[in-house]
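The next block holds one structure in the form of structure tokens; read it before the comments.
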């Protein structure tokens, strides 16, 4: 969320930045969508840790557990590694800059675009919906 990026931008240290950079590099080298998904998760683990917030970490762990149990539903949303790594690189650079507004904007942009990609992926993997019966 933009708030999480804002918090990370104000609190991230050198080790946090190194973890974020490593996660983006790993994602660029990922072979396949599943590896890209896991790379993205490592990136966001590092963002969450950079917030230094136990409450944020707790919420992330709960959401991440649910997400990881449904990875296959979203796998084809991760086929464009260039877009994904470029978006995460922008978040990384904004956090590195220490500019909370820039970080929030980068995260908001990523979140919007990624939500649309994931929704499309989910709909492609969901069984067709049945129309309710028509009343005579």
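Looking only at segment 16-31, count every residue that is under 17 Å from residue 51 (Cβ atoms) and not in a helix (DSSP H, G or I) and tell me the total.
Residues in segment 16-31 being under 17 Å from residue 51 (Cβ atoms) and not in a helix (DSSP H, G or I): 0 in total.
Output yes when any residue across segment 5-24 is surrounded by fewer than 21 Cβ atoms within 10 Å (Cβ to Cβ) and closer than 25 Å to residue 121 by Cα, and no when none is.
no
Please specify each residue of segment 79-108 satisfying the condition of being out of contact with any helix residue (DSSP H, G or I) (no Cβ under 7 Å at 6 or more places or on another chain) and farther than 19 Å from residue 51 by Cβ.
Matches in segment 79-108: 80, 82, 83, 86.
Restricting segment 37-78 to residues that are in contact with a helix residue (DSSP H, G or I) (Cβ under 9 Å, 6 or more places away or on another chain) and not in a helix (DSSP H, G or I), which is modelled with the lowest pLDDT?
In this case the residue turns out to be 70.
Just one of (1) exposed (fewer than 13 other Cβ atoms within 10 Å of the Cβ); (2) in contact with a helix residue (DSSP H, G or I) (Cβ under 6 Å, 6 or more places away or on another chain) trips up residue 119, so point out which.
That leaves (2) as the condition not met.
Matching residues to (1) farther than 23 Å from residue 119 by Cα; (2) buried (at least 19 other Cβ atoms within 10 Å of the Cβ); (3) free of Cβ contacts under 8 Å to residues at least 60 places away in the same chain; (4) touching a strand residue (DSSP E or B) at 6+ places or on another chain (Cβ under 6 Å):
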residue: 37; (1), (2), (3), (4): no, yes, yes, no
residue: 55; (1), (2), (3), (4): yes, no, yes, no
residue: 71; (1), (2), (3), (4): no, no, yes, no
residue: 87; (1), (2), (3), (4): no, yes, yes, no
residue: 104; (1), (2), (3), (4): no, yes, no, no
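The values are calculated or read from the model by the stated rules, or taken from the named source; none is laboratory data. Since the model is a prediction, treat every value here as computed from it, not as a measurement. Quick reminder, even Gly has a Cβ in these numbers, built from the backbone with ideal geometry, and neighbours come from all protein chains shown.
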